[in-house]
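Q: Sharing a structure here in structure tokens format.
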Amino acid sequence: QTVVTQEPSFSVSPGGTVTLTCGLSSGSVSTTSYPNWFQQTPGQAPRTLIYNTNTRSSGVPDRFSGSILGNKAALTITGAQADDESDYYCVLHVSGMWVFGGGTKLTVL
Amino acid sequence: QVQLVESGGGVVQPGGSLRLSCAASGFSFSYYGVHWVRQAPGKGLEWVAFIRYDENDGYYVDYVDSVKGRFTISRDTSRTTLHLQMNSLRGEDTAVYYCAKDAGFYGMDVWGQGTTVTVSS
């Protein structure tokens, strides 16, 4: 069974830069995994930040960027702001299915 | 403006059935697919199903293994609303269910606000 891995938690200082990663329990993530990244605050629906590795969804500021770093997908947030404090989820297309990671809780302090 | 609105959630007993709806505007099901994603209380997101129709009304559909044979996606005659028929419901199906527009086979780009399903006796 494929498991998508994410850091359970991360912290960043206001104005700082943070990179969250999304990997596979076995194998490497590539562009053919079509990594997506989503932001979710408590009680709200997810909001798409990035799809297809590095395409920003409509209205998403360019502080958010997606890439492949080594064998993982990555979401980089530059100039972190207080309202970036959220849960971040990635999803990968694996063997014909979409599999979500467990999410990363990002704290801005 | 692309918008999706889910409805139909509620409380149902184990073994029961429920039909969720996803009303779409701003795009056509003939050109974009729709995902169903759920989130159990206090847990992460889980992909449930995907459907995409083509211009000839053919379709591709797939489900996560845990719902295969129990959940079915269909489209109503208006062609602007999808339904997720959920049968033989179990406690572990308790979740907020979201529908999300497919980003051209590359993932999900617009989400609805979700509808809550509680399976409990």
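Please treat every number below as a calculation from the coordinates, not as lab data. The model shown is predicted, which means the values in this text are computed figures rather than measured ones. Methodologically, a virtual Cβ is constructed for each residue, glycine included, from the backbone with ideal geometry; neighbour enumeration extends over all protein chains shown.
Q: Evaluate Rg over Rh across chain A, taking Cα atoms for both radii and Kirkwood's formula for Rh.
A: On the Cα set of chain A, Rg over Rh gives 0.94.
Q: Using the basic label-point model (7 angstrom from Cα toward the beta carbon), what is the B:ASP54 to A:THR76 distance in nanometres?
A: Going from the B:ASP54 label point to the A:THR76 one covers 4.0 nm.
Q: On to the next question. Cα centroid distance between region B:23-58 and region B:68-121, in Å?
A: Computed from Cα coordinates, the inter-centre distance equals 7 Å.
Q: With 10 angstrom as the radius, rank A:GLU7, B:GLU6 by how many other C-beta atoms surround their C-beta, starting from the fewest.
A: Starting with the residue having the fewest Cβ neighbours, the order is A:GLU7, B:GLU6.
Q: Still on this structure: For region B:1-60, what's the radius of gyration and Dmax over Cα atoms, in angstrom?
A: Cα radius of gyration and Dmax of region B:1-60 are 14.0, 41 Å respectively.
Q: Which whole-number percent is the relative contact order of chain A (Cα, under 8 Å, 6+ apart)?
A: In percent, rounded to a whole number, it is 37.
Q: Moving on. Report the convex hull volume per residue for region B:75-121, counting only C-alpha atoms, in Å³.
A: Output value, Cα hull per residue: 113 Å³.
Q: Cut-off is 10 Å between beta-carbons; in what order do B:CYS22, A:CYS90 appear when sorted fewest neighbours first? Intermediate results must be reported in sequence, preceding the final value.
A: Numbers: B:CYS22 26, A:CYS90 32.
The fewest-first ordering by Cβ neighbours comes to B:CYS22, A:CYS90.
Q: Next question, about the same structure. Between B:PHE105 and B:GLN3, what FRET efficiency comes out of the Förster formula 1/(1 + (r/R0)^6) with R0 = 22 Å and r the beta carbon distance, rounded to 0.05?
A: 0.55
Q: What is the mean number of Cβ atoms from other protein chains located within 10 Å of the Cβ atom of each residue in peptide A:36-49, rounded to a whole number? Walk me through the numbers on the way to the answer.
A: Details: counts 6, 1, 6, 0, 4, 0, 0, 2, 3, 12, 8, 2, 8, 0.
Mean number of neighbouring Cβ atoms from other chains: 4.
Q: Still on this structure, please answer the following. Run through every distinct alpha carbon pair of the protein assembly as shown and return the Kirkwood hydrodynamic radius in angstroms, one decimal place.
A: About 18.0 Å, per the Kirkwood formula over Cα pairs.
Q: Please get the size of the charge dipole for chain A, origin at its Cα centre, with Cβ charges of +1 on Lys and Arg and -1 on Asp and Glu, quoted in debye to the nearest 20.
A: Dipole magnitude for chain A comes out near 200 debye.
Q: Taking amide H atoms as placed 1.01 Å from N in the peptide plane, list the residues 5 or more away in sequence, or in a different chain, whose amide H sits under 5 Å from that of A:LEU49.
A: A:TRP37, A:PHE38, A:GLN39
Q: Where the only charges are on Cβ atoms (+1 Lys, Arg; -1 Asp, Glu), what is the dipole of the protein assembly as shown about its Cα centre, to the nearest 20 debye?
A: Details: 15 positive and 18 negative charges, 38 e Å.
That gives a dipole near 180 debye.
Q: Another question, if that's okay. Return the loop-located chymotrypsin sites (Phe, Trp or Tyr not before Pro) in region B:22-72 (DSSP other than H, G, I, E, B) with at most 15 other Cβ atoms within 10 Å of their own Cβ; answer none if there are none.
A: Those that pass, being in a loop and sparsely packed, are B:TYR31.
Q: Plugging the Kirkwood radius over Cα pairs into Stokes-Einstein for chain B, at a temperature of 10 °C and a viscosity of 1.306 mPa s, what D comes out in µm²/s?
A: Rounded to a whole number, D works out at 111 µm²/s.
Q: Using 20 Å as the cut-off for backbone N distance, which residues of region A:78-109 belong to the label zone defined by a point 7 Å from the Cα of B:LYS68 along Cα→Cβ?
A: Label zone hits: A:92-100.
Q: Same structure again: Using the basic label-point model (7 angstrom from Cα toward the beta carbon), what is the B:GLN113 to A:THR31 distance in nanometres?
A: 3.8 nm
Q: What is the order of A:LYS105, B:LYS101, B:LYS68, A:LYS72, fewest Cβ neighbours within 10 Å to most?
A: Ordered from fewest to most neighbouring Cβ atoms within 10 Å, A:LYS105, B:LYS101, B:LYS68, A:LYS72 come out as B:LYS68, A:LYS105, A:LYS72, B:LYS101.
Q: Please turn the phi angles of region A:16-29 into ³J(HN,Hα) values with the Karplus equation 6.51 cos²θ - 1.76 cosθ + 1.60 (θ = phi - 60°), one per residue in order, whole Hz, x for glycine and proline.
A: Karplus values, whole Hz, x for Gly and Pro: x, 10, 9, 10, 9, 10, 9, x, 10, 4, 9, x, 10, 8.
Q: How many nm separate the modelled label positions at B:VAL61 and A:ASP83, each set 7 Å beyond the Cα in the direction of the Cβ?
A: Distance between the two pseudo-spin positions: 4.0 nm.
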